[in-house]
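K.L.:
My questions all concern the structure below.
The values are calculated or read from the model by the stated rules, or taken from the named source; none is laboratory data. Please read all numbers here as calculations on a predicted model, not as lab measurements. Don't worry about glycine lacking a Cβ; one is built from the backbone with ideal geometry, like all the others, and counts go over all protein chains shown. These accessible areas exclude ligands, DNA and RNA; they are computed on the full protein's heavy atoms, side chains included. Shrake-Rupley method; radii C 1.70, N 1.55, O 1.52, S 1.80 Å.
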Amino acid sequence: MSTQPLHPIPFFNYPRTFQAIEEQVVAIVRDVIHRGAFIMQRDLEEFEARLADYLGVRHALGVANATDGLTMLWRAVGLQPGDEILFPSHTMVASPASVVHAGGVPVPVDCGPDHLMDPDAAERAIGPRTRGIMPVQLNGRTCDMDRICAIADKRGLVIIEDAAQALGSRFRDRPAGTFGRGAAFSFYPAKILGCLGDGGAVVTNDDEVARRVRLLRDHGRNEHGDVELWGLNSRLDNLQAAVLDFQLRGYGQVIEHRRSLARRYEDRLRTVRQVTLPPGPDEDTGHYDVYQNYEVEAERRDELRAHLSARGIGTLIQWGGRAVHQYAALGFTQSLPATDRLFTRCLMLPMNMTVTVDDVDRIAGEIAAFYGSALC
């Protein structure tokens, strides 16, 4: 008796993700092309307005990518050469790179049990040249912003949020990206709200920060064509904005699907003691997580990953398996033991719109089989 081979479960299925909306996207592309509306047209304005309304902010500005967005924000708040900015080392190198590109000095700090910036570690790292804090709202979860904001207020520090992975996430019912002077979001294709290439947005409630970012994203030019400062060419393409605007209309359903998958992972894996799960969707009323990623900690992580791969299940270790402070060429000397330990254990399981509840059951079953554990 033959058995049907199990279908592979890739970590992220790019073709299937966009096939699901192919008909609508093709219609959008055709409309934009027929209008010749490619750079800073009404589609961008409509998306910016919808995004600002979704987050409850005064300004949302489409930019070419989140890294540029963060760089422009640091410039907009007046970062000076030598100013130090605290950031969690468990992040993409793009986060601290934005500080460097703006003339500052990034200072890595340790993470806490939730894999986000540890407020105590951040406070201990403050020195005489510290100017700001950049919390990274990672994996679709918002940091403990009560603590971080209290530290910033006490020490007179500016907060710029790297909210690239956190659109829709909330802390105490306040959206990620609304706690500091400004924030940047990413619309890279694998993000929950992803476009067909690179894309990002800056959001802020500060009118002057918004004015300066508008200049910076378009060569320093104002609405009259006068150049007020040295700027970048970092505008969100109008075509990408049109696709994003379409997707943002149904964003709530996307988040609910991801939260349902997270709930299923938790239900199935909570008795596997060798795996530490992220906080569950119903675990902490102070947080509303959107699960951009489902990052666990696992004993014998590399062996588990090989076991899953052999059974057609894709996984990923963020940032190529290294935290920012672990890149020797960048010259960091800080000791970050919690982050070092995390990067021997962290592993991301499939979490996206192409993953089904049955897929989660199969993944969980393979994990339990690897450890010889029983599932719930």
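K.L.:
Just a yes or no: is a residue in the stretch 49-71 of a type in the set (Phe, Trp, Tyr) and either at pLDDT 95 or above or touching an Asp or Glu at 6+ places or on another chain (Cβ under 6 Å) (or both)?
P.N.:
yes
K.L.:
Oh, and also: Has the stretch 225-245 got any residue that is farther than 20 Å from Ala102 by Cβ, of a type in the set (S, T, N, Q) and surrounded by 15 or more Cβ atoms within 10 Å (Cβ to Cβ)?
P.N.:
yes
K.L.:
Same structure again: Every residue in the stretch 70-82 that is touching a Gly at 6+ places or on another chain (Cβ under 6 Å) and open to solvent by less than 30 Å² (accessible area, probe 1.4 Å), please.
P.N.:
Of everything in the stretch 70-82, those that are touching a Gly at 6+ places or on another chain (Cβ under 6 Å) and open to solvent by less than 30 Å² (accessible area, probe 1.4 Å) turn out to be Leu73, Leu79.
K.L.:
Then there is this: For the stretch 349-376, enumerate the residues that are surrounded by fewer than 19 Cβ atoms within 10 Å (Cβ to Cβ) and among the hydrophobic types (A, V, I, L, M, F, W, C).
P.N.:
Hits for the stretch 349-376 are Met353, Val357, Ala369, Ala374, Leu375, Cys376.
K.L.:
Do we find that Leu44 is more than 17 Å from the chain's Cα centre (by Cα) and in a strand (DSSP E or B) in this structure?
P.N.:
no
K.L.:
Please state which of the following conditions Gln80 fails to meet, knowing it meets all the rest: (1) of a type outside the set (Val, Ile, Thr); (2) touching a strand residue (DSSP E or B) at 6+ places or on another chain (Cβ under 6 Å); (3) assigned to a loop (DSSP other than H, G, I, E, B).
P.N.:
(2)
K.L.:
Residues Thr17, Thr91, Thr67: which one is in contact (Cβ under 8 Å) with a residue 24 or more places away in the chain, under 26 Å from the mean Cα position of the chain (by Cα) and open to solvent by less than 30 Å² (accessible area, probe 1.4 Å)?
P.N.:
Sole residue among the options that is in contact (Cβ under 8 Å) with a residue 24 or more places away in the chain, under 26 Å from the mean Cα position of the chain (by Cα) and open to solvent by less than 30 Å² (accessible area, probe 1.4 Å): Thr91.
K.L.:
Output the residue which, of all residues in the stretch 100-147 that are part of a helix (DSSP H, G or I) and of a type in the set (Lys, Arg), is surrounded by the fewest Cβ atoms within 10 Å (Cβ to Cβ).
P.N.:
Of everything passing the filter in the stretch 100-147, Arg124 is surrounded by the fewest Cβ atoms within 10 Å (Cβ to Cβ).
K.L.:
Next question. In the set Ala210, Ala150, which member is surrounded by fewer than 19 Cβ atoms within 10 Å (Cβ to Cβ), at pLDDT 95 or above and either in a helix (DSSP H, G or I) or not hydrophobic (A, V, I, L, M, F, W, C) (or both)?
P.N.:
Ala150
K.L.:
Quick test of your reading of the structure: Gly320 fulfils all but one of (1) over 22 Å from Ala364 (Cα atoms); (2) of a type outside the set (Lys, Arg); (3) surrounded by 13 or more Cβ atoms within 10 Å (Cβ to Cβ); (4) at pLDDT below 95. Name the failing condition by number.
P.N.:
(3)
So that you can scan it fast, the table gives a plain yes or no per residue for (1) among the β-branched types (Val, Ile, Thr); (2) in a helix (DSSP H, G or I):
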position: Arg214; (1), (2): no, yes
position: Leu239; (1), (2): no, yes
position: Gln247; (1), (2): no, yes
position: His257; (1), (2): no, yes
position: Leu261; (1), (2): no, yes
position: Asp267; (1), (2): no, yes
position: Val272; (1), (2): yes, no
position: Asp282; (1), (2): no, no
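K.L.:
Out of all the residues in the stretch 284-294, which are open to solvent by less than 30 Å² (accessible area, probe 1.4 Å) and part of a loop (DSSP other than H, G, I, E, B)?
P.N.:
Correct list: Gly286, Asp289, Val290, Tyr291, Gln292, Asn293.
K.L.:
Continuing with the same structure: Quick check: anything in the stretch 302-316 open to solvent by 30 Å² or more (accessible area, probe 1.4 Å), in contact (Cβ under 8 Å) with a residue 12 or more places away in the chain, part of a strand (DSSP E or B) and over 26 Å from Asp120 (Cα atoms)?
P.N.:
Within the stretch 302-316, one or more residues are open to solvent by 30 Å² or more (accessible area, probe 1.4 Å), in contact (Cβ under 8 Å) with a residue 12 or more places away in the chain, part of a strand (DSSP E or B) and over 26 Å from Asp120 (Cα atoms).
K.L.:
What's the number of the only condition in (1) touching a strand residue (DSSP E or B) at 6+ places or on another chain (Cβ under 7 Å); (2) in contact (Cβ under 8 Å) with a residue 24 or more places away in the chain; (3) open to solvent by less than 40 Å² (accessible area, probe 1.4 Å) that Val254 fails to meet?
P.N.:
Every condition holds for Val254 apart from (1).
K.L.:
Can you tell me which condition Glu297 does not meet? The list is (1) part of a loop (DSSP other than H, G, I, E, B); (2) surrounded by 17 or more Cβ atoms within 10 Å (Cβ to Cβ); (3) in contact with a strand residue (DSSP E or B) (Cβ under 6 Å, 6 or more places away or on another chain), and all the others hold.
P.N.:
Just one mismatch for Glu297, condition (1).
K.L.:
Of (1) among the aliphatic types (A, V, I, L, M); (2) part of a helix (DSSP H, G or I); (3) in contact with a strand residue (DSSP E or B) (Cβ under 8 Å, 6 or more places away or on another chain), Ile28 satisfies all except one. Which?
P.N.:
If we test Ile28 against (1) among the aliphatic types (A, V, I, L, M); (2) part of a helix (DSSP H, G or I); (3) in contact with a strand residue (DSSP E or B) (Cβ under 8 Å, 6 or more places away or on another chain), just (3) comes out false.
K.L.:
Follow-up. Of the residues Phe12, Phe38, only one is aromatic (Phe, Trp, Tyr) and open to solvent by less than 80 Å² (accessible area, probe 1.4 Å); which?
P.N.:
Phe12
K.L.:
Right, next: From the list Asp358, Asp340, pick out the single residue that is closer than 24 Å to Glu266 by Cβ and in a helix (DSSP H, G or I).
P.N.:
After applying the criteria, what remains is Asp358.
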